[in-house]
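First the structure, in the form of structure tokens, and then the observations on it.
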Amino acid sequence: MIDPLTEVVTLLQPAARFSKVVNGAGQWRVQRAEFGDPFYCVVLEGSSCLTVDGHPPLALHQGDFVLIPSVQGFTMSSAIAPPPGHFETAPVMLPNGEFRLGEQNGPRDVQSLVGHCQFASPDAALLVSLLPKLVHVRGVGRLTTLVQLVIDESRAQRPAREVVLSRLLEVMLIEALRSTAISGSAPGLVRGLADERLAVAIRSMHELPTHPWTVAQLAKAASLSRSAFFERFRRAMGIAPMEYLLAWRMALAKNLLREQGVGMAEIAQRVGYSSASAFSVAFTRYVGLPPARYAREEVTSH
């Protein structure tokens, strides 16, 4: 059976840009404006506080995993936040390669593994829009094991280090997303897959993107009336069923266009179009340039 969540994460092409161990003591605060790469944090020891723009403050404790897939501003601080007007704290690098925030002497109050990843896919914005804006996982032992592997690999200078880190990051993303508490998740793929009836329709679209799906057919697969399915899908996913299907087909098409030796007719057939010309019209309307030109520009840029 096709797993849509795995497909989305795989198409994102995540790569570990860097990670570092950060220790904190006393009162401290660091901020990031609305730019930069996707951010993740694992609390290895102690507690801290995370405030993401548009979300209430979130207390983080040992074993917590946080992922911010999209580019958003956020603030991290000590568990007891410094008073307003407190200057941003600059991390100090220690001799062992770790970093220190706040008071430089004495025992630490918190230790975290923080890092940034990159999504290499040109469709990253589309794919990330299907994920929750903030992923917070607490008390999942499997993630703790994965985190330890990431720490060990990031500290060692073994051959193929970046490849291993990227694969571990893929697994961490999938594990974190499927462990997310669905009840509080924002509209997107995770929330849609949590709905047993919608999940059948979503998996059908991923398993058979070539099928000429209609809302009525998808509603039947989900054992819902057409109107009930449409509204339930839109609330859970954030977009209408046919919009999602088109976006997914175009994401697949872009991925195929980046591959060498795949003809236009074959691509059209593999994403659900009866002819290369029909696919070209749809692709041009959606992307803003013809598929052949898109393919040439992708080859040139890489």
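The values are calculated or read from the model by the stated rules, or taken from the named source; none is laboratory data. All of these numbers come straight from a predicted model, not from anything done at the bench. Please note: Cβ atoms are built from the backbone with ideal geometry, for glycine as well, and neighbour counts cover all protein chains shown. Surface areas here come from the heavy atoms of the whole protein model, side chains and all, with no ligands, DNA or RNA. Shrake-Rupley method; radii C 1.70, N 1.55, O 1.52, S 1.80 Å.
For the stretch 29-159, with all protein chains present and a 1.4 Å probe, just round the carbon and sulfur fraction of the accessible area to a whole percent.
58
Over the chain, average the accessible area per residue using a 1.4 Å probe and give it in Å², no decimals.
49
Could you rank Ser112, Ser277 by how accessible they are, 1.4 Å probe, largest area first?
Largest to smallest exposure gives the sequence Ser277, Ser112.
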Equivalent ellipsoid semi-axes, the stretch 220-267, via Cα gyration tensor eigenvalues times 5, rooted, Å: 31, 11, 6
Report the charge-dipole magnitude of the chain in Debye, nearest 20, computed about the Cα centre from +1 at each Lys and Arg Cβ and -1 at each Asp and Glu Cβ. 560
May I ask you to give the percent of accessible area on the stretch 176-279 that is carbon plus sulfur, with a probe radius of 1.4 Å? 51
For the stretch 1-115, what is the Kirkwood estimate of the hydrodynamic radius, computed as the reciprocal of the mean inverse distance between distinct Cα atoms, to one decimal in Å? 15.2
Taking the full set of protein chains and a 1.4 angstrom probe, give the accessible area of Met93 in square angstrom, rounded to the nearest 10. 130
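Rounded to the nearest 20 debye, what is the charge dipole size of the stretch 189-275 about its Cα centre when +1 sits on each Lys and Arg Cβ and -1 on each Asp and Glu Cβ? Don't skip to the end; give the middle numbers.
Working: 12 positive and 7 negative charges, 42 e Å.
My answer is approximately 200 debye.
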A correct Stokes-Einstein calculation for the stretch 246-300, using the alpha-carbon Kirkwood radius, 10 °C and 1.306 mPa s, returns a whole-number D in µm² s⁻¹ of 147
Would you please report the Å³ per residue occupied by the convex hull of the alpha carbon atoms in the chain? 156
The stretch 125-214: projected area of the alpha-carbon convex hull, averaged over directions, in nm²: 8.0
Note on the stretch 157-289: alpha-carbon gyration tensor, axes a ≥ b ≥ c; rule is a/c under 1.5 for rounded, else prolate if a/b larger than b/c, else oblate; result oblate
Amide hydrogen neighbours beyond the local backbone of Ala79, cut-off 5 Å, H modeled: Cys49
Run lengths n ≥ 4 of DSSP H only: what is the helix-derived mean residue ellipticity at 222 nm for the chain, with -39500 (n - 2.57) per run over all residues, to the nearest 500? -13500 deg cm²/dmol
Rounded, prolate or oblate: pick one for the stretch 68-149, where a ≥ b ≥ c are the square roots of the eigenvalues of its C-alpha gyration tensor, a/c under 1.5 means rounded, and failing that, prolate if a/b is larger than b/c, else oblate. prolate
